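Asks: Shown below is the structure under consideration.
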Amino acid sequence: MKKVILVNGSPRKNQNTAKMCESFACGVKEAGGEAEIVHLYDIDFKGCRSCFSCKLKGGKNFGRCSFPDGLTPILDKISEADGLVIASPIYCSDVTGVTRCLIERLTFPFFEYKAGYPSIAPKKLKTAMIYTMNVSETLSNQMYTDMFDKTEFMITTVFEKPVRIFAYDTYQFYNYDKYVVEVFDKNEKLKHKEEQFPLDIKKAFEAGKTMIKNIENMHN
Ligand SMILES: Cc1cc2nc3c(=O)[nH]c(=O)nc-3n(C[C@H](O)[C@H](O)[C@H](O)COP(=O)(O)O)c2cc1C
């Protein structure tokens, strides 16, 4: 059975990003695959420490991040999977800090410092990125397109180029009346949540099904 690991880079386990992950996972299962969601904020880890064990000549951990913390077994699990989904809310115009830390630890060891920077990842994983954010699609296109490209550069270098799935204009607060929010119209937010978010969830589901089909086609 083809396995997809989904990494939720949001601290919230039941909000927008997590729901998009769950829907993608349902799509994977519907298509006959196996899906596992990892909540990054549950794991005790930091970004790359620049120890360079992954680049040591003759080193037993060459091409692998071996730093002894909670992320290392997850990295090994990702390397053995067939597909990878990295999901993150946008925080301060970027993916969350922990998502960034994961990308450093996952991709740098597979990026060999040789001519052409060949990938030494054990598998050329099918990948997808899920981004959720407060801003509209129009603003996202104006503000974040370069950031998405940069975020995905190393992923594309060592695995396959990610498919992008978005949820824009997300519903951020449980109750908009309890918080100081003057720049967003709570009624517009609610309307978007009720009308558009279910469509975004459906897109994630379809993308999950497609990932499994693409993995199977690759093996046939
Ligand atoms: C610290 C912080 C920073 C944020 N920065 C941005 C931002 O720069 N752009 C944006 O569109 N949304 C921003 N947001 C909103 C979240 O990206 C958005 O609500 C997201 O869907 C939350 O995902 P979640 O429901 O899975 O936690 C920010 C939220 C937080 C908590």
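The values are calculated or read from the model by the stated rules, or taken from the named source; none is laboratory data. Computed from a predicted model, the values in this text were never measured in an experiment. For neighbour counting, all protein chains shown are included, and Cβ atoms are generated from backbone atoms with ideal geometry for every residue, glycine included. SASA here: full protein model, heavy atoms, side chains in, ligands and nucleic acids out. Shrake-Rupley method; radii C 1.70, N 1.55, O 1.52, S 1.80 Å.
Asks: Given (1) in contact with a helix residue (DSSP H, G or I) (Cβ under 7 Å, 6 or more places away or on another chain); (2) over 19 Å from MET129 (Cα atoms); (3) open to solvent by less than 70 Å² (accessible area, probe 1.4 Å), identify the lone condition not met by PHE24.
Replies: Failed condition: (2).
Asks: Okay, moving on. Which members of the stretch 124-140 meet the condition of being within 10 Å of the ligand (Cβ to nearest atom) and either without any contact (Cβ under 8 Å) to a residue 40 or more places away in the chain or assigned to a helix (DSSP H, G or I) (or both)?
Replies: Within the stretch 124-140, SER136, LEU139, SER140 meet the criteria.
Asks: Under the condition of being surrounded by 13 or more Cβ atoms within 10 Å (Cβ to Cβ) and either among the basic types (Lys, Arg) or touching an Asp or Glu at 6+ places or on another chain (Cβ under 8 Å) (or both), which residue from the stretch 59-69 is farthest from SER119 (Cα to Cα)?
Replies: It comes out as ASP69.
Asks: To continue, here is another question. Mind checking which residues of the stretch 67-90 are aliphatic (A, V, I, L, M) and not in a helix (DSSP H, G or I)?
Replies: Residues satisfying the conditions are ALA81, LEU84, VAL85, ILE86, ALA87, ILE90.
Asks: Next question, about the same structure. Within the stretch 1-21, take every residue that is within 17 Å of LYS123 (Cβ to Cβ) and open to solvent by 10 Å² or more (accessible area, probe 1.4 Å) and give me the one that is nearest to the ligand (Cβ to nearest atom).
Replies: Ranking the qualifying residues of the stretch 1-21, first place goes to LYS3.
Asks: Limited to the stretch 132-156, what total is found for residues that are of a type in the set (Val, Ile, Thr) and under 21 Å from PHE108 (Cβ atoms)?
Replies: Residues that pass the stated criteria total 3.
Asks: Please count how many residues of the stretch 141-168 are within 12 Å of the chain's Cα centre (by Cα) and either exposed (fewer than 13 other Cβ atoms within 10 Å of the Cβ) or not in a helix (DSSP H, G or I) (or both).
Replies: Looking only at that region, the number is 5.
The rows are residues; the columns are (1) within 22 Å of GLY208 (Cβ to Cβ); (2) in contact (Cβ under 8 Å) with a residue 24 or more places away in the chain; (3) not aromatic (Phe, Trp, Tyr).
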{"site": "LYS60", "(1), (2), (3)": "no, no, yes"}
{"site": "PHE67", "(1), (2), (3)": "no, yes, no"}
{"site": "ILE78", "(1), (2), (3)": "yes, yes, yes"}
{"site": "GLY83", "(1), (2), (3)": "yes, yes, yes"}
{"site": "PRO89", "(1), (2), (3)": "yes, yes, yes"}
{"site": "VAL95", "(1), (2), (3)": "yes, yes, yes"}
{"site": "ILE103", "(1), (2), (3)": "yes, yes, yes"}
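Asks: Going by the structure shown, is PHE24 in contact with a Phe, Trp or Tyr (Cβ under 8 Å, 6 or more places away or on another chain), among the aromatic types (Phe, Trp, Tyr) and modelled with pLDDT of 95 or more?
Replies: For PHE24, the condition - in contact with a Phe, Trp or Tyr (Cβ under 8 Å, 6 or more places away or on another chain), among the aromatic types (Phe, Trp, Tyr) and modelled with pLDDT of 95 or more - is met.
Asks: What's the number of the only condition in (1) away from the ligand (no atom under 16 Å from the Cβ); (2) open to solvent by 30 Å² or more (accessible area, probe 1.4 Å) that ASP42 fails to meet?
Replies: Among (1) away from the ligand (no atom under 16 Å from the Cβ); (2) open to solvent by 30 Å² or more (accessible area, probe 1.4 Å), the lone unmet condition for ASP42 is (1).
Asks: Out of (1) under 23 Å from ALA18 (Cβ atoms); (2) assigned to a loop (DSSP other than H, G, I, E, B); (3) not hydroxyl-bearing (Ser, Thr, Tyr), what's the single condition that is false for LYS114?
Replies: In the conditions (1) under 23 Å from ALA18 (Cβ atoms); (2) assigned to a loop (DSSP other than H, G, I, E, B); (3) not hydroxyl-bearing (Ser, Thr, Tyr), LYS114 misses (1) alone.
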